[in-house]
Structures are given as C-alpha cells and as structure tokens.
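Q: Below you will find the structure I want to go over with you.
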Amino acid sequence: MEELRDVDYGDFLQQKANELLQRLREYKAMHGDCNVPREYPEDPTLGAWVHEQRERYKQSTLPKERVAALSEAGFVWESQNDIIWREKYARL
C-alpha cells in the first residue's frame, strides 16, 4: 500500500493521456485521419478516450495543453455523427 501512496495520480493520468495520444497518432498513420469510432473494436480504449476528449472539449474542461497537442495531431473536434447531422440540417 505504501507504493500506491507514493504514486502521483496527476502524473499517472498525464502518462496515460500521452500513451493514448501516441495511439491516436498511430491510428492516423494507418487511416489518414483521427476519426476513431467511439466503439472501435481494434482498440476500444482509444475509441472511448477520443469520445471523452470531444465531450470535455465541448464542456471546456479539457486542459489547454491537451487541446493543443490533439489539434497538432490533426484531431477532429466534431464526431462524424455531428458532422453528418449538421450537413443534413443545413440542407433543410
């Protein structure tokens, strides 16, 4: 238990975010974009994380450093469903 007390939770979360950002970059290298589906069978954690980043961005709770890193990676802040909905709405 002593080891757990020595772990800085903030550092752990940052390390996890960095790992997922790297996985997002790898996804982009394979697929040409950062539009990871929410339910992505090859990496469910990545799909859920991408969705969470979009939600936190909408709520303005995503750290500025993360917004910058994701934007630099080519992150699309709207989900594919949001984009399709907006395009259909514009046609009305």
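The values are calculated or read from the model by the stated rules, or taken from the named source; none is laboratory data. Quantities reported herein were computed from a predicted structural model and do not represent experimental measurements. Here Cβ is always computed from backbone atoms with ideal geometry, including for glycine, and neighbour counts include all displayed protein chains. The area values use the complete protein model at the heavy-atom level, side chains included, leaving out ligands, DNA and RNA. Shrake-Rupley method; radii C 1.70, N 1.55, O 1.52, S 1.80 Å.
Q: May I ask you to list the residues in the stretch 55-66 that are of a type in the set (Asp, Glu) and either open to solvent by less than 100 Å² (accessible area, probe 1.4 Å) or at pLDDT 95 or above (or both)?
A: The answer is GLU55, and nothing else.
Q: Take the stretch 34-54 and flag every residue that is more than 19 Å from GLN14 (Cβ to Cβ) and either touching a strand residue (DSSP E or B) at 6+ places or on another chain (Cβ under 8 Å) or open to solvent by 50 Å² or more (accessible area, probe 1.4 Å) (or both).
A: Matches in the stretch 34-54: PRO37, ARG38, GLU39, PRO41, GLU42, PRO44, HIS51.
Q: Which ranges mark the helices (runs of 4 or more DSSP H) fully within the chain that have 3 or more residues being touching a helix residue (DSSP H, G or I) at 6+ places or on another chain (Cβ under 7 Å) and charged (D, E, K, R)?
A: Of the helices (runs of 4 or more DSSP H) lying wholly inside the chain, those with at least 3 residues that are touching a helix residue (DSSP H, G or I) at 6+ places or on another chain (Cβ under 7 Å) and charged (D, E, K, R) span 9-31.
Q: Just to be sure before I move on: is ALA69 out of contact with any strand residue (DSSP E or B) (no Cβ under 6 Å at 6 or more places or on another chain), of a type in the set (A, V, I, L, M) and surrounded by 14 or more Cβ atoms within 10 Å (Cβ to Cβ) in the structure I sent?
A: Against the criterion (out of contact with any strand residue (DSSP E or B) (no Cβ under 6 Å at 6 or more places or on another chain), of a type in the set (A, V, I, L, M) and surrounded by 14 or more Cβ atoms within 10 Å (Cβ to Cβ)), ALA69 qualifies.
Conditions tested, residue by residue: (1) more than 14 Å from the chain's Cα centre (by Cα); (2) not aromatic (Phe, Trp, Tyr).
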position	(1), (2)
ALA69	no, yes
VAL76	no, yes
ASN81	yes, yes
ARG86	yes, yes
TYR89	yes, no
